[in-house]
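The values are calculated or read from the model by the stated rules, or taken from the named source; none is laboratory data. Keep in mind that what you see is a predicted model, and the values were worked out from it rather than measured. Here the Cβ positions follow ideal geometry from the backbone for every residue, glycine too, while neighbour counts run over all protein chains shown.
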Number of protein chains: 2
Amino acid sequence: MDDTQLAKIFKALGHPTRIKIVRYLREMDRCICGQIVEIFPYSQSTISQHLKLLKESGIVSGEVDGPKNCYCINKELLERIKEDVSGI
Amino acid sequence: MDDTQLAKIFKALGHPTRIKIVRYLREMDRCICGQIVEIFPYSQSTISQHLKLLKESGIVSGEVDGPKNCYCINKELLERIKEDVSGI
DNA sequence: ATAGCCCATCGGCAATAAACGATAGGTCAT
DNA sequence: ATGACCTATCGTTTATTGCCGATGGGCTAT
């Protein structure tokens, strides 16, 4: 992975809320946006924005699943990130 | 390490130039700001600013050494970061 | 003590990020 | 086809970032 891509991922993780979201998603395996909104003191639009950033970095993927939107961790990428971090 | 601290570190690494600086410092063991300025297409003030961010995050430490300022990687923290990334 | 080197910091500017409320689009059940 | 639910996106505001040139302070050597 090149440094630009890696930097993008780090940037995505460079916010406490987004780290917490990633932890939560890993724990829950998959969940909908509403569940995440409930556990944070931020508005739905703010959480949605954080999720968008995480999606753009590739760490999180989301699929529309009926009326709900299902988010989950991209575990392969997460593993790859861990490898790349070891290389720094 | 709490998520706020971890986020700060990720944020510091969330720029390609700063990742490259970290790699370079790890390779060189220690070096002065001027050396780093030479290898990047940015001004001295810009590089200095990047170094400041890296210092604030703790990844890099710098000591004044005569007329020059010597930067080096905080290897213990870097190792700790790698552990913490594994925990995400 | 003057001149030169190294670099941190200031001020400025443009771009991006973080948060919000409001809106609107999609899906399901009735 | 209406209403309820879920969430992405828009528009706005304020804060932060990224970059620069210029300034100035600390050392060293002359």
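For B:Thr4, indicate whether it is more than 11 Å from the chain's Cα centre (by Cα), more than 11 Å from chain A (Cβ to nearest Cβ) and not in a strand (DSSP E or B). So B:Thr4 fails the test.
Whenever a residue of segment A:48-61 is closer than 12 Å to A:Leu77 by Cα, its partners that are outside any helix (DSSP H, G or I) and small (Gly, Ala, Ser), lying with C-beta atoms within less than 7 angstrom and at least six residues away or across chains, give the pairs A:Lys55/A:Ser61; A:Lys55/A:Gly62. Go through the residues of segment B:22-29 one by one and say whether even a single one is aliphatic (A, V, I, L, M), closer than 26 Å to A:Lys8 by Cβ and either in a strand (DSSP E or B) or within 12 Å of another protein chain (Cβ to nearest Cβ) (or both). Within segment B:22-29, one or more residues are aliphatic (A, V, I, L, M), closer than 26 Å to A:Lys8 by Cβ and either in a strand (DSSP E or B) or within 12 Å of another protein chain (Cβ to nearest Cβ) (or both). Criterion applied to A:Thr17, A:Thr46 was being over 13 Å from the mean Cα position of the chain (by Cα) and among the polar types (S, T, N, Q), and the one residue passing it is A:Thr46.
A residue that is more than 23 Å from B:Ser57 (Cα to Cα) and buried (at least 20 other Cβ atoms within 10 Å of the Cβ) occurs somewhere in segment A:29-38. Has segment A:69-80 got any residue that is within 14 Å of another protein chain (Cβ to nearest Cβ), surrounded by 15 or more Cβ atoms within 10 Å (Cβ to Cβ), touching a Leu at 6+ places or on another chain (Cβ under 8 Å) and in contact (Cβ under 8 Å) with a residue 12 or more places away in the chain? Yes, some residue in segment A:69-80 is within 14 Å of another protein chain (Cβ to nearest Cβ), surrounded by 15 or more Cβ atoms within 10 Å (Cβ to Cβ), touching a Leu at 6+ places or on another chain (Cβ under 8 Å) and in contact (Cβ under 8 Å) with a residue 12 or more places away in the chain. Applying a threshold of 8 Å to beta carbon distances and a minimum spacing of six or more residues, or different chains, the list of pairs starting in segment A:25-40 at a residue that is under 8 Å from A:Tyr71 (Cβ atoms) and ending at one that is at pLDDT 90 or above and surrounded by fewer than 14 Cβ atoms within 10 Å (Cβ to Cβ) reads A:Cys33/A:Gln44. Scan segment B:29-64 for residues that are modelled with pLDDT under 95 and near DNA strand D (Cβ under 8 Å from one of its atoms) and the total you get is 1. For segment A:56-77, does any single residue satisfy the condition of being within 25 Å of B:Asp84 (Cα to Cα), more than 10 Å from DNA strand C (Cβ to nearest atom), polar (S, T, N, Q) and part of a loop (DSSP other than H, G, I, E, B)? Within segment A:56-77 (the criterion being within 25 Å of B:Asp84 (Cα to Cα), more than 10 Å from DNA strand C (Cβ to nearest atom), polar (S, T, N, Q) and part of a loop (DSSP other than H, G, I, E, B)), the answer is yes, since at least one residue qualifies.
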